[in-house]
Structure formats: structure tokens, C-alpha cells
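Below: the structure, in C-alpha cells.
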Amino acid sequence: MSLAAATAATTLAARATTTAAGSHGFLSPTGVEIAFLLVGLVTFGAAIVTVTTKQLVHAALWLVVALGGLAVEYLLLTAEFIAWVQVLIYVGSVVVLLLFGLMLTRAPIGRSPDADSGNRWAALTVAVAAAAALVWVVVDAFRTTWVDLAGPAAGSTEVTGASLFQNWVLPFEALSVLLLAALVGAIVLSRKTKSSEKEGAC
């Protein structure tokens, strides 16, 4: 009787191990993983069109699609707080500011030959190198980490705030200072340009 019980326990353990391994395997993707892949392909395509089109307005609109796709990816990873920050700040502020800038500067609506600087191959080389470095860093950092999509939300406001202001508060504040320095530098450079134009006019 004890041998039969041991055999049954071993069989159940083997089945549980097989089920656990199959649930995280690449040959049996879940619906969330398939949706993540499809949205990622759409986002990648929108990003490619954004940097290759010669119409500025179309580039801004495709940028909205790319940033919205990233927000959907965050939602699929149960990081709803980061997803809504992506929508509110990038889609709702940065892209709207970009569109207002295009309207105020009276940018051409149709095709603009000046949109191509001629450095396409150099830009492509830098983009591929940056993407390869980013993929390598992410894979090396999260090689054995699994995101449990069925478990508690790991990207909620409480969890993200605790991680940000406990573990990453110094880099967060340093980034804020860098952004402020960039803003002040842009203001100083614009004032110098205006003053030089006035002197040239006189």
C-alpha cells in the first residue's frame, strides 16, 4: 500500500511539474502573451513609420499610436499605474504640445523633403546599437524572473510609489534636476538667439 501511495504521489508531482513548466513555456503561450506580442508588433510598426515618414503631422499621429501601444503593454503586464502615467503625460501632454508646436510654427501639412536630414544610415546604426544594448541589459537583469500575471498586481500605485520613493528616490531626484537644467539651458539659448537677432537687425 505504501509503494502504491508513493507511486501515486510521484505521478502527481510529475504532472504538477509538467503543468507548471508548460504554463511558462514558449510553445504554449497564453492569451495575454499573444496579445502582448501582437500589440508589440503594432507598436514597433508605428514607431518605424514615425521616424520614416516625411509628413510631420502624420509622424506626430503615429507617435500617438506608438505611445498608446506602450500603455497597452504596461496594462498587460499588470502595471496599470505606469500605463495611465504613459497616457496622461506622453499621449496627453507631450504629443499635444508637439501638435500645438506644429500648428503655431505653421509646419507644412503635406510631404516635407526637408524632414530627411540625409543621415539615415548613421541614425539606423545608432538605433540598432541602442536597441541591442537595451535588450541585453533587460535580458541580463531579468533572466530568471517571471511575471505572475494571475497573482496580485505588481504595478499598482502603492507598489510603484513604495519602490520609487524607497529604493529609487536619489535617481528620481537627479533626473528631475537634469530636466530642470535642460529647461533652463533651453531658455538661456533662446534668449541669446533673440538678442543676437536684434543686434543684427540694428
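Among the residues of the range 69-89, the ones that are at pLDDT below 85 and either outside any helix (DSSP H, G or I) or of a type in the set (Gly, Ala, Ser) (or both) come to 3 in all.
Just one of the numbered conditions (1) in a helix (DSSP H, G or I); (2) small (Gly, Ala, Ser); (3) at pLDDT below 85; (4) surrounded by fewer than 11 Cβ atoms within 10 Å (Cβ to Cβ) is not true of residue 133: (3).
For residue 43, the conditions (1) at pLDDT 85 or above; (2) open to solvent by less than 60 Å² (accessible area, probe 1.4 Å); (3) more than 30 Å from residue 120 (Cβ to Cβ) all hold with the exception of (3). Taking the criterion of being surrounded by 10 or more Cβ atoms within 10 Å (Cβ to Cβ) and more than 20 Å from the chain's Cα centre (by Cα), the residues of the range 159-172 that qualify are 162, 165, 167, 169.
The values are calculated or read from the model by the stated rules, or taken from the named source; none is laboratory data. This one's a predicted model, so the numbers in the text were calculated from it and none came from an experiment. FYI the Cβ positions are ideal-geometry reconstructions off the backbone, even for glycines, and counts take in every protein chain you see. Only protein heavy atoms, including side chains, enter the accessible area calculation; ligands, DNA and RNA are left aside. Shrake-Rupley method; radii C 1.70, N 1.55, O 1.52, S 1.80 Å.
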